[in-house]
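Below is one structure; the comments refer to it alone.
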Amino acid sequence: MSHAISEKDDKIIKEAHKRFSYCEEWEATARANFEYDYKFANGDSVNMFQWDDWVVGDRVVNERPCLTINKTMQHNLQIVNDGKQNKPGVKIAPVGDTASYEAAQIYMEICRHIEYISNAENVYDSAMEFAVNGGFGYWRITTEYINDRSFDQDIIIKRVKDPRSIYLDPDINEVDGSDANYGFVITNKPKDLYEAEYPNHTDVGGSDSFAGYTSSWITREHIRVAEYFRKTNKNDKYVKFKLLHTGEEIEAYLSELDEEAKTYYREVKETEKDIPYDQRSYMERDVVRGDIEWYKIAGNTIIDRG
């Protein structure tokens, strides 16, 4: 029995399915090469990863030897070991009128604590090994509750066990992907484990929003659970002005001001509209704000959001 889905959720689910299909198609060759390169780098005389299957079969039938002398790994390890000696890390520099060296040091200590409780050295090493052997690697920064009897959370740096579970917007321009408009973290869960973890969301198929995606998002044995991150761009204005009665300088997005501040700003703007720009007591510019939304989607159902 299918469940009702709101029009807004249905639109988000369709968007996620369409975007994931685009990512999957775009990265298909890179992911096939990742598997081939990673296996080749770890090839030995037991797994025969550096031999094509048909060649191994032919040589076994004809009782000919298949030797593997892996010369790739030693070169990869030179890069990996260099990366272990020069690990990535957070560095905070005090920049701006209100910043100080002491405050920067406090933030640095917080970052070191996060890395310590996350065992971040192993996380960085794992991502480095994937990147060198296969072509790309990831780690995640997320939050977790301290334990099952607490509402407090810690920031955690987490290892990504399989980099192929991450999909980024194919239309990025920056090398680090910081301009991505969306991304996915994919987990294919066995149905029995999924139903045990999400007992309130066992019916995750059967609506129009799912048409065309059933074969990859739900199989006989697995259900795909996707964390979907998307950036929603909104037009806004960034303003700077002083309140007359207090002399307080305000610098903020116009949409975030309270009604009193907005009213005062409009009055100042109207009063000074004929004054040359460089003589006005206020400043403003048009901006596009990128707010980040997070959804956890299973099949055609949003089971969590934030």
Pair E144, E259: separation of 7 Å Cα→Cβ label points (nm) | 4.6
Determine the share of the chain's accessible area contributed by carbon and sulfur atoms, expressed in whole percent, with a 1.4 angstrom probe.
-> 50
Put S150, S45 in order of accessible area, largest first, 1.4 Å probe: what do you get?
-> S45, S150
When averaged across all projection directions, what area in nm² does the alpha-carbon convex hull of segment 1-133 cover?
-> 17.1
For the chain, the Cα gyration tensor yields equivalent-ellipsoid semi-axes (√(5λ), largest first, whole Å) of 47, 29, 20
Any aspartates and glutamates with Cα under 18 Å of the K262 Cα? List them, leaving off those in the same chain fewer than 8 positions away.
-> D236, E248, E249, E251, E270, E272, E284, D286
Net lengthening on full extension, I172/F229 (0.36 nm per residue, minus Cα-Cα) = 19.1 nm
Under a 1.4 Å probe, what is the accessible area of segment 1-106 per residue, stated in Å²?
-> 76
Sites N122 and E248 - FRET efficiency at Förster radius 45 Å, r taken between beta-carbons, to 0.05 | 0.40
Asserting the computed 222 nm helical MRE of the chain (DSSP H runs at least 4 long, -39500 (n - 2.57) per run, divided by residue count, to nearest 500) equals -11500 deg cm²/dmol
Shape box of segment 222-284 [Cα atoms, principal axes, largest first, Å] = 65, 25, 15
Distance violations [Cα-Cα > 25 Å] among K87/K231; K14/K237; K11/K296 | K87/K231; K14/K237
For segment 138-151, what does the Karplus curve 6.51 cos²θ - 1.76 cosθ + 1.60, with θ = phi - 60°, yield as ³J(HN,Hα) per residue in whole Hz, taken in order and with x for Gly and Pro?
-> 9, 9, 10, 10, 9, 10, 9, 5, 4, 7, 6, 10, 8, 9
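The values are calculated or read from the model by the stated rules, or taken from the named source; none is laboratory data. Here the structure is a predicted model, which is why all the values come from computation and not from measurement. So basically every Cβ, Gly included, is an ideal-geometry build from the backbone, and we count neighbours across all protein chains shown. Ligands, DNA and RNA are stripped out before the accessible areas are found, and what is left, the full protein with its side chains, is counted by its heavy atoms. Shrake-Rupley method; radii C 1.70, N 1.55, O 1.52, S 1.80 Å.
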